[in-house]
């Protein structure tokens, strides 16, 4: 995990500050949640994967959704593997919601991306894992989609193997939310069958101080074990090529990365879901499987737990003083105060139990403001 990729992605050298900023302390910043305002859901749909954006005074949530039960599934008995929550693999679509406040309440607007149903395209089925960024005035909606493979031992694994990462590129935000963006004709990241295998999911992209682009995503290694890797490109439109394994199958195993570069700290950070399932948590990112953690890197290549590795256990503190335990708290995405490196809300998918109810929650954050002289571009 040492060394640099062919692209320069390390931050430029700078004069060290006498008292460097400590890493972000999320547990101290997280504020209580009002579920009646901050949790967004839709009847008869699973809601997942919310990624936020701010534009001209309004706040937007790009999110995944698919019908509950067997609604909309095909008549082939084999379709039963996509019933219920598992339907995301084939039937997820990306929709848009809007609010006047970053924490909500959000109102559904429209579906903006769904299956092409074109067997000749890489994105034949589903649109999932949305991740929105703005670079130099253009807007980029990164997502995953599926073209089923063959030769796997089960139908589910055929779909699993077919997952790739693409992007919608729009000249303006209005173009993006009104379906006038350009959808990538080919995947911009996927297995190379040398270092990464099977599938590529959970994309997150940041621009480096050198002006190149860094992507983190989840894949398999050669032994069918989940790993988080980094890819690099000279363009936000890709293609992104493998750079290194960032978080491996050991105690730092993770998924669902949300990546950003903090100019004041001259470090990359990523909020991730702790995906290490071992009972011994001594060297794990957190004390709880499925909790959210913070990892850090100086160069985007070598990653490890941050100075404050815990972001949140699988729970929410509520405004009435109680705490609710969750079955899932994942797909973390951040909303920043415009023009700064200060996160103001943590967006996560949540489920209280194993029921058909899943929502996206906007968790308030209160950090000390940090000015960014260099500016922040997503």
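Observations on the model:
- If only residues of the range 243-254 that are within 18 Å of the chain's Cα centre (by Cα) and more than 19 Å from residue 282 (Cα to Cα) are counted, the one that is surrounded by the fewest Cβ atoms within 10 Å (Cβ to Cβ) is 245.
- Scan the range 259-273 for residues that are closer than 13 Å to residue 207 by Cα and not in a loop (DSSP other than H, G, I, E, B) and the total you get is 7.
- Taking the numbered list (1) in contact with a strand residue (DSSP E or B) (Cβ under 6 Å, 6 or more places away or on another chain); (2) in a loop (DSSP other than H, G, I, E, B) in turn, residue 293 passes all entries but (2).
- The residues of the range 220-236 that are more than 19 Å from residue 273 (Cβ to Cβ) and surrounded by fewer than 18 Cβ atoms within 10 Å (Cβ to Cβ), listed by number, are 222, 223, 224, 234, 235.
- Residues being loosely packed, with under 12 Cβ neighbours inside 10 Å and not in a loop (DSSP other than H, G, I, E, B) - total across the range 56-77: 1
- Here residue 364 passes the criteria (1) surrounded by fewer than 18 Cβ atoms within 10 Å (Cβ to Cβ); (2) assigned to a loop (DSSP other than H, G, I, E, B) except the one numbered (2).
- Cβ pairs under 9 Å, 6+ apart, first in the range 15-39 and closer than 17 Å to residue 329 by Cβ, second at pLDDT below 95 and crowded, with 16+ Cβ neighbours inside 10 Å: 26/367; 29/367
- Any hit, the range 321-329, residues being at pLDDT 95 or above, assigned to a strand (DSSP E or B), surrounded by 16 or more Cβ atoms within 10 Å (Cβ to Cβ) and touching a strand residue (DSSP E or B) at 6+ places or on another chain (Cβ under 7 Å): yes
- The range 330-347, subset touching a residue at least 60 places away in the same chain (Cβ under 8 Å) and part of a loop (DSSP other than H, G, I, E, B), residue nearest to residue 41 (Cα to Cα): 338
- Filter result for the condition that a residue is under 30 Å from residue 196 (Cβ atoms) and part of a helix (DSSP H, G or I), over 80, 86, 153: 86
- Among the conditions (1) within 16 Å of residue 294 (Cα to Cα); (2) assigned to a strand (DSSP E or B); (3) at pLDDT below 95, residue 216 misses just one, which is (3).
- Number of residues in the range 267-289 that are more than 20 Å from residue 143 (Cα to Cα) and crowded, with 18+ Cβ neighbours inside 10 Å equals 9.
The values are calculated or read from the model by the stated rules, or taken from the named source; none is laboratory data. Please read these numbers as outputs of a predicted model, since none were measured by experiment. For neighbour counting, all protein chains shown are included, and Cβ atoms are generated from backbone atoms with ideal geometry for every residue, glycine included.
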